[in-house]
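Remarks on the structure that follows.
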Amino acid sequence: MYCEECKQKPAAVHLTQVYNGNIIQSHLCEECAAKKGGFIFDPGNKFSIPNLLSSIFGNSYGIDPNPMTEIKTCPGCGMNFNDIRKTGKLGCNQCYQIFAKEMEPTLRRIHGNSQHIGKIPSRGGEKVLLRKQLDNLKTRLQEAVNSEEYEKAAEIRDNIKEMESKLA
Amino acid sequence: MSIENILNSASVKWMESEEGQDIVISSRIRLARNLMDLPFPLRLDQKAGHECLQRVKAVCQEEMPAVLNEVEFSGFDQLNILDRRILAEKHLISPDHAESNSSFGAVLLNKDGSLSTMVNEEDHLRIQCLLPGLQLAAGYELAQHMDDFLESKLEYAFDERYGYLTSCPTNVGTGLRASVMLHLPAMQMTGQTSQILQNIGQLGMTVRGLYGEGTEATGNFFQMSNQTTMGQTEEEICNHLQAVTEQIVEQERVLRERMKIELKYQLEDKVGRALGILNHARIINSTEALTLLSDVRLGIDLGILSGIQPYALNQLIVSIRPAHLQKDVAQEMDALQRDIKRAEIIQEQIKGIK
Ligand SMILES: [Zn+2]
Ligand SMILES: [Zn+2]
């Protein structure tokens with residue numbers, strides 16, 4: 001794939017941004033990505049960036065075997081992973097989903113694992129539970145449809161509707 | 001109104017005398033929570049910041065469980081910088097929160113200061129419970145009541161896998177930071193603190209000085225807290241800290257008893273000199289005062305001195321900090337004026353000690 005801007009160099013940076021709910025992806029070469037601004041990148045020296053980063057976030061730049069660098073921006077707060085590494089802070093709850101993959105080693109380094117086993121809020125927790133059941137029902141619906149058990153499928157569909165209205 | 005009482009009172013809950021408080025001064029439980037659909041405080045613009053503040057304020061106007069002991073909302077627009085520094089010196093809000101000029105900062109305080117919730121510090125809500133002595137379980141229970149109340153009215157940012165979502169990844173999961181404030185003079189005098197603190201690190205605990213400085217703690221006061229917030233239940237975190245604390249307390253007690261016998265004269269000399277300086281100094285800075293008051297405190301604990309209650313010493317340590325001095329005098333002071341005022345207050349408070 002070639003850079004969308006100059007159409008000459010291979011695209012090395014894949015920018016995913018969300019504007020008003022629309023996902024916009026751009027594929028750029030390093031120079032054009034740098035020109036677009038808001039994003040510090042020095043193609044000549046891959047080791048200059050880690051110096052800027054907060055020590056608790058690992059340096060995946062230097063050791064990343066994949067030269068393709070995806071730059072995503074969180075729709076909830078506008079932060080990208082470089083911002084997070086620089087400040088050591090996430091910007092909103094959605095960051096945890098958007099940067100789940102990037103955060104994984106950091107969480108493991110800090111906590112030794114990345115799975116909460118403590119308190120669940122009764123409200124949020126209810127939803128967590130409902131969502132789990134909903135996923136379960138959707139799987140069963142698919143199974144019922146696949147095996148042409150339409151009566152059963154209709155029943156499950158009603159359950160799903162009821163549950164979705166509870167979640168809304 | 002609670003906030004006025006707390007600002008003007010020499011005492012808040014954690015300073016009270018509690019059985020066995022000679023070594024563990026206080027216990028703190030802190031829960032970090034955020035609201036579901038707003039960016040974390042660092043990324044809040046004016047509009048979203050006020051939205052957050054209004055939601056929390058509205059919740060405080062609803063009927064609360066009696067156990068919370070009358071929590072009241074105070075916005076930073078009602079608290080000037082001196083008031084906020086006073087709250088920080090009483091350990092009710094963080095120094096960062098006190099200094100922040102955020103127009104959407106606030107604090108929710110109850111009547112006796114056992115519950116204080118910072119609004120829009122690093123997270124939308126930081127629920128804190130501060131109790132005297134070693135009371136982690138009781139502190140967690142009270143913090144839970146506050147958490148349950150807030151959670152019944154506000155939707156929290158919670159993820160099935162990551163738990164309570166926080167601005168800093170070091171708090172995510174339970175959002176729980178449990179800590180104890182320890183007074184460890186015998187350990188310090190016998191040069192054992194660094195060794196013990198190193199072991200504590202391996203047990204998943206972090207140690208800092210009283211006001212957040214490094215391990216060179218002023219006045220032999222240390223704050224110990226859990227390092228990780230994810231992968232353990234809240235009870236496990238509290239129990240673990242409780243167990244480590246009990247071991248340290250035991251160690252400190254053994255050392256104190258040995259010193260009392262093996263270093264009788266050295267100990268009495270140290271304590272006596274400290275009292276002498278405090279009684280006669282006309283100019284004293286914060287660090288020197290804390291160091292000498294630590295010696296006096298040890299003297300009281302070991303029965304070498306008498307004539308003051310532990311709660312009065314707790315109050316004294318707080319009342320000689322800069323914002324408290326300034327409020328007391330009701331005017332701005334330079335460092336020298338503060339050091340003179342500090343010496344006066346100490347002499348007034350310790351005159352009964354023999
Ligand atoms: Zn290009
Ligand atoms: Zn975000």
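The values are calculated or read from the model by the stated rules, or taken from the named source; none is laboratory data. Fair warning: this is a prediction, and the values are worked out from it, not measured in the lab. So basically every Cβ, Gly included, is an ideal-geometry build from the backbone, and we count neighbours across all protein chains shown. What goes into the accessible areas is simple: the full protein's heavy atoms, side chains included, and nothing from ligands, DNA or RNA. Shrake-Rupley method; radii C 1.70, N 1.55, O 1.52, S 1.80 Å.
Counting only other chains, and only Cβ atoms inside 10 Å, what mean value do you get across the residues of B:338-344? Each step should come with its number before you reach the end.
Working: counts 0, 0, 0, 0, 0, 0, 0.
Going residue by residue through B:338-344 and averaging, the value is 0.
Just to be sure I understand: if you take the accessible area of chain A alone plus chain B alone and subtract the pair, with a 1.4 Å probe, what total do you get in Å², rounded to 100? Intermediate results must be reported in sequence, preceding the final value.
Details: alone 11820 and 16040 Å², together 24640 Å².
That pair hides around 3200 Å² of surface in total.
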Please provide three numbers in whole Å: the alpha-carbon extents of the protein assembly as shown along the principal axes, with the largest listed first.
-> 89, 59, 47
Enumerate the aspartates and glutamates that residue B:351 could reach by cross-link, defined here as Cα to Cα under 17 Å, with residues fewer than 8 away along the same chain left out.
-> B:295
Cα-only Debye scattering, segment B:55-167: base-10 log of I(q)/I(0) at q = 0.13, 0.19 Å⁻¹ = -0.49, -1.06
Tilt of helix B:136-153 relative to the longest C-alpha principal axis of chain B, in degrees (0 to 90, nearest 10)?
-> 20
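Rounded to the nearest 5, what % of the DSSP beta bridges within the protein assembly as shown are antiparallel ones? Spell out each step's value before the answer.
On the way: 51 of 55 bridges.
Restricted to the protein assembly as shown, the bridges split so that about 95 percent are antiparallel.
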PRE zone check, label point 7 Å out along Cα-to-Cβ of residue B:70, amide N under 15 Å, scope segment B:112-133, hits B:112-115
How high is the relative contact order of segment B:264-350, in percent, with contacts defined as C-alpha pairs under 8 Å that are six or more residues apart?
-> 40
Rg over Rh, two decimals, chain B (C-alpha only, Kirkwood Rh) | 0.98
Simple spin-label estimate for residue B:203/residue A:4, 7 Å along Cα→Cβ, in nm, reads 5.6
Run the accessible area of segment B:88-150 with a 1.4 Å probe and give the carbon-and-sulfur part as a rounded percent.
-> 51
Give the residue from A:141, B:176, B:66 lying farthest towards the positive end of the charge dipole for the protein assembly as shown; charges sit on Cβ (+1 for Lys and Arg, -1 for Asp and Glu) and the dipole is referred to the Cα centre.
-> B:176
Please state the relative contact order of chain B as a whole percent: Cα pairs under 8 Å, 6+ residues apart?
-> 19
Which value in Å does the Kirkwood hydrodynamic radius of segment B:1-99 take, with 1/r averaged over all unlike C-alpha pairs and then inverted?
-> 16.0
Probe 1.4 Å - accessible area at residue B:17, Å² to nearest ten | 60
Stokes-Einstein D (µm²/s) once Rh is taken as the Kirkwood radius of segment B:264-350 over alpha-carbon pairs, at 10 °C in 1.306 mPa s | 120
